[in-house]
Amino acid sequence: MSNEEEWRNVPGWEGFYQVSNLGNVRSVTRSVTRKDVQLRTYQGKLLRPGTNRIGYPVVVLSRPGRTITAKVHRLVLLAFVGPCPSGNEACHNNGNRQDARLENLRWDTRSGNQLDRRKHGTDHQVRKTHCPQGHPYDEQNTKVIPSRPTARYCRQCHRDRSENRWHTLKNKENTNA
């Protein structure tokens with residue numbers, strides 16, 4: 001893909017904002033008649049994205065009667081690829097949330113996005129070496145279920161829960177007898 005910047009209207013915000021294939025967002029120069037019947041021209045400018053609480057670049061889009069905060073990568077996909085197919089989400093091919101270039105983005109399933117996170121090393125679950133109770137995730141103590149191959153379960157915690165249930169049932173039988 002070329003490094004030449006191509007601009008397209010942000011769907012639903014035509015005449016107000018455009019987004020580029022390189023992940024930049026700009027407002028469009030426009031003239032607006034104000035309530036006092038004066039014509040005011042707003043000069044278009046490149047928007048400087050902020051970062052939301054989970055690390056994605058976001059911009060605030062505003063027009064009369066509507067203001068939203070939008071993730072830049074979603075705006076790029078909407079303008080260049082089209083609407084998000086049902087059940088899909090935006091995915092970064094290189095695992096870098098800050099990289100909103102079109103060549104780095106695609107619509108994919110939640111499962112595909114999770115597999116990407118493991119491949120890129122950005123899934124915090126993969127780095128865990130022990131379960132919440134402190135048992136190690138090693139070969140003998142880790143259970144993997146074929147229907148959920150990316151999930152891990154602690155065998156010792158499972159044994160402890162089963163044993164507690166058995167003792168609880170036994171105690172109930174003894175108190176009822």
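The values are calculated or read from the model by the stated rules, or taken from the named source; none is laboratory data. The model shown is predicted, which means the values in this text are computed figures rather than measured ones. Please note: Cβ atoms are built from the backbone with ideal geometry, for glycine as well, and neighbour counts cover all protein chains shown. SASA here: full protein model, heavy atoms, side chains in, ligands and nucleic acids out. Shrake-Rupley method; radii C 1.70, N 1.55, O 1.52, S 1.80 Å.
If you count Lys pairs in the chain whose Cα atoms are under 25 Å apart, skipping same-chain pairs closer than 8 places in sequence, the total is 6. For the options LEU77, LEU39, LEU47, a Gaussian network treatment of the chain with springs between C-alpha atoms closer than 10 Å singles out LEU39 as fluctuating the most.
Working value for the range 115-177: equivalent-ellipsoid semi-axes of 34, 12, 9 Å, each the square root of 5 times a Cα gyration tensor eigenvalue, largest first. When Rg and Dmax are taken over the Cα atoms of the range 20-93, they come to 15.1, 49 Å.
Solvent-accessible area of the chain (1.4 angstrom probe, protein heavy atoms only): carbon and sulfur portion equals 48 percent.
Count Lys and Arg as plus one, Asp and Glu as minus one, and take only other residues whose Cβ is under 12 Å from that of GLY44; the net charge is then +3. Residue order by solvent-accessible surface for SER147, SER86 is SER86, SER147, largest first, with ligands and nucleic acids left out and a 1.4 Å probe. For ARG118, the solvent-accessible surface with a 1.4 Å probe is about 80 Å², rounded to the nearest 10. The relative contact order of the chain comes to 12 percent, based on Cα pairs under 8 Å that sit 6 or more residues apart. Over the chain, accessible surface divided per residue gives 69 Å², non-protein components excluded, 1.4 Å probe. For the options GLU103, GLU14, GLU89, a Gaussian network treatment of the chain with springs between C-alpha atoms closer than 10 Å singles out GLU14 as fluctuating the most. Measure nothing but the geometry: give the 0 to 90° angle between the long axis through the Cα atoms of 155-176 and the longest principal axis through the Cα atoms of the chain, rounded to 10°. Computed tilt is about 60 degrees. Express the relative contact order of the range 124-163 as a whole percentage, based on alpha carbon pairs under 8 Å and six or more residues apart in sequence. It rounds to 29 percent for the range 124-163.
Placing one equal scatterer on every Cα of the range 67-151 and applying the Debye formula, the log10 ratio I(q)/I(0) at q = 0.18, 0.20, 0.24, 0.26 Å⁻¹ is -0.84, -0.94, -1.18, -1.30.
Solvent-accessible area of HIS135, all protein chains in place: 40 Å² (probe radius 1.4 Å, heavy atoms, ligands and nucleic acids excluded). For the chain, the longest principal axis of the alpha carbon atoms and the long axis of helix 110-120 meet at an angle near 80°. Report the local net charge at LYS143: Lys and Arg +1, Asp and Glu -1, summed over other residues whose C-beta lies under 14 Å from its C-beta. Here the charged neighbours net out to +2. At a Cβ-Cβ separation cutoff of 4.7 angstrom, cysteine residues of the chain with no neighbouring cysteine are CYS84, CYS91. Here the relative contact order of the range 95-173, from alpha carbon pairs under 8 Å that lie six or more residues apart, stands at 16 percent. Separation of the range 3-21 from the range 62-120 is 15 Å, based on Cα centroids.
In this view, the solvent-accessible surface of LYS128, computed with a 1.4 Å probe and all protein chains in place, comes to about 90 Å². In whole percents, the pair-distance distribution calculated for the chain from its alpha-carbon pairs, binned every 10 Å from zero, is 8, 25, 21, 16, 13, 9, 6, 2, 0.
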